[in-house]
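The values are calculated or read from the model by the stated rules, or taken from the named source; none is laboratory data. Every value quoted in this text rests on a predicted model; they were computed, and no experiment measured them. Counting neighbours? That spans all protein chains shown, and the Cβs are built from the backbone with ideal geometry, glycine included. The accessibility values were calculated without ligands, DNA or RNA, using every heavy atom of the protein model including side chains. Shrake-Rupley method; radii C 1.70, N 1.55, O 1.52, S 1.80 Å.
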Amino acid sequence: EVQLEQPREEVKMPGESLMIPCKASGYGFDSYWIGWVRQMPGRGLEWMGIIYPGDIDTGNCPSRYGQFTVSADQSIDTAYLKWTSLRASDTAVYYCVRVIMIGGVIVRLDSWGQGTRVTVSS
Amino acid sequence: QSALTQPPSASGSPGQSVTISCSGTSGDIGAYDRVSWYQQHPGEAPKLLIFNVNERPATVPPRFSGSKSGNTASLTVSGLRTEDDAEYYCFSFAGRNSLGVFGGGTKLTVL
């Protein structure tokens, strides 16, 4: 069974750094893309960025969502979403997802982590 | 990349059918047959319902179906059940720069 395990909650102050792990199991971690999706309080889903653990080829949208990066550690089957300096506007639930990509085209997001609720407040 | 456009709400009675639309552009929905739909209950992670416009994972009942015409995709839920009361999101591949875009979500209420 495909599983993506994330911490349930993180509470931080503005300016602090944060790295959210997404531990994969039940499939070949380096054979599938991992994506990240944001859901701000009471709002819809927003696509953030993606990484292919197999070759550390990363696509991200920092100009749209602010300063975050995505990375992966093949040795422990874990992807990461990282901020170096959080802002209050980063408060949201963040989901990691397994992405089925064929020929460079996203086909579906077929497995979701349970989400990490991030609260940034002074 | 602008979000795809969905109606904020939809409703129906048990046993009825309801269709939710998802409007995009010639750069996303209109360009690729890679529309997927997700169901989200409050406090839970979203779940894949439909992919490639009209294909269902094995675990999703055939009451859920999808279609596309031009720049607009649709999700139809037939034989509504109380457990279908949830938020529904469409998603489309949107090219190699932005990769993907979600709709704003539609809250389906089963009366």
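Against the numbered list (1) out of contact with any Lys or Arg (no Cβ under 9 Å at 6 or more places or on another chain); (2) modelled with pLDDT of 90 or more; (3) in a loop (DSSP other than H, G, I, E, B), A:Gly54 comes up short only at (2). In region A:75-90, the residues that are in contact (Cβ under 8 Å) with a residue 24 or more places away in the chain reach residues that are in a loop (DSSP other than H, G, I, E, B) and surrounded by 19 or more Cβ atoms within 10 Å (Cβ to Cβ) with C-beta atoms within less than 7 angstrom, at least six apart or across chains, in these pairs: A:Ala79/A:Pro53. B:Lys68 passes every criterion in (1) away from chain A (no Cβ under 11 Å); (2) modelled with pLDDT under 95 apart from (2).
Restricted to region A:78-121, and to residues that are assigned to a loop (DSSP other than H, G, I, E, B) and among the small types (Gly, Ala, Ser), which residue is farthest from the other protein chains (Cβ to nearest Cβ)? Per the criteria, the residue is A:Ser85. Applying the criterion of at least 1 residues that are open to solvent by 50 Å² or more (accessible area, probe 1.4 Å) and in contact (Cβ under 8 Å) with a residue 60 or more places away in the chain to the strands (runs of 3 or more DSSP E) found wholly in region B:7-81 leaves B:9-12.
Matching residues to (1) among the polar types (S, T, N, Q); (2) at pLDDT below 95; (3) farther than 22 Å from A:Val99 by Cβ:
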| site | (1), (2), (3) |
| --- | --- |
| B:Ser17 | yes, no, yes |
| B:Ser23 | yes, no, yes |
| B:Ala31 | no, yes, no |
| B:Ser36 | yes, no, no |
| B:Leu48 | no, no, no |
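Cβ-Cβ distances below 7 Å connect the following pairs, each with a first residue in region A:25-43 that is closer than 15 Å to A:Ile100 by Cα, a second residue that is assigned to a helix (DSSP H, G or I), and a separation of six or more residues or different chains: A:Phe29/A:Gln74; A:Asp30/A:Gln74. Quick check: anything in region A:18-33 within 11 Å of chain B (Cβ to nearest Cβ), at pLDDT 90 or above and open to solvent by 20 Å² or more (accessible area, probe 1.4 Å)? Within region A:18-33, one or more residues are within 11 Å of chain B (Cβ to nearest Cβ), at pLDDT 90 or above and open to solvent by 20 Å² or more (accessible area, probe 1.4 Å).
Within region B:73-86, identify whether any single residue is within 11 Å of another protein chain (Cβ to nearest Cβ) and at pLDDT 95 or above, and answer yes or no. No, region B:73-86 has no match at all.
Across region B:82-108, the qualifying residues are those that are among the polar types (S, T, N, Q) and open to solvent by 50 Å² or more (accessible area, probe 1.4 Å), and the one among them that is nearest to B:Leu48 (Cα to Cα) is B:Thr82.
Put simply, of B:Val18, B:Val60 the only residue that is among the β-branched types (Val, Ile, Thr), under 22 Å from A:Gly115 (Cβ atoms) and either more than 11 Å from the chain's Cα centre (by Cα) or within 14 Å of another protein chain (Cβ to nearest Cβ) (or both) is B:Val60. Identify, please: which residue in region B:87-111 is more than 10 Å from chain A (Cβ to nearest Cβ) and of a type in the set (A, V, I, L, M) and is, among those, nearest to B:Gln6 (Cα to Cα)? The extreme case among them is B:Leu108. Restricting attention to region A:34-55 and to residues that are of a type in the set (Phe, Trp, Tyr) and open to solvent by less than 30 Å² (accessible area, probe 1.4 Å), the residue that is nearest to the other protein chains (Cβ to nearest Cβ) turns out to be A:Trp47.
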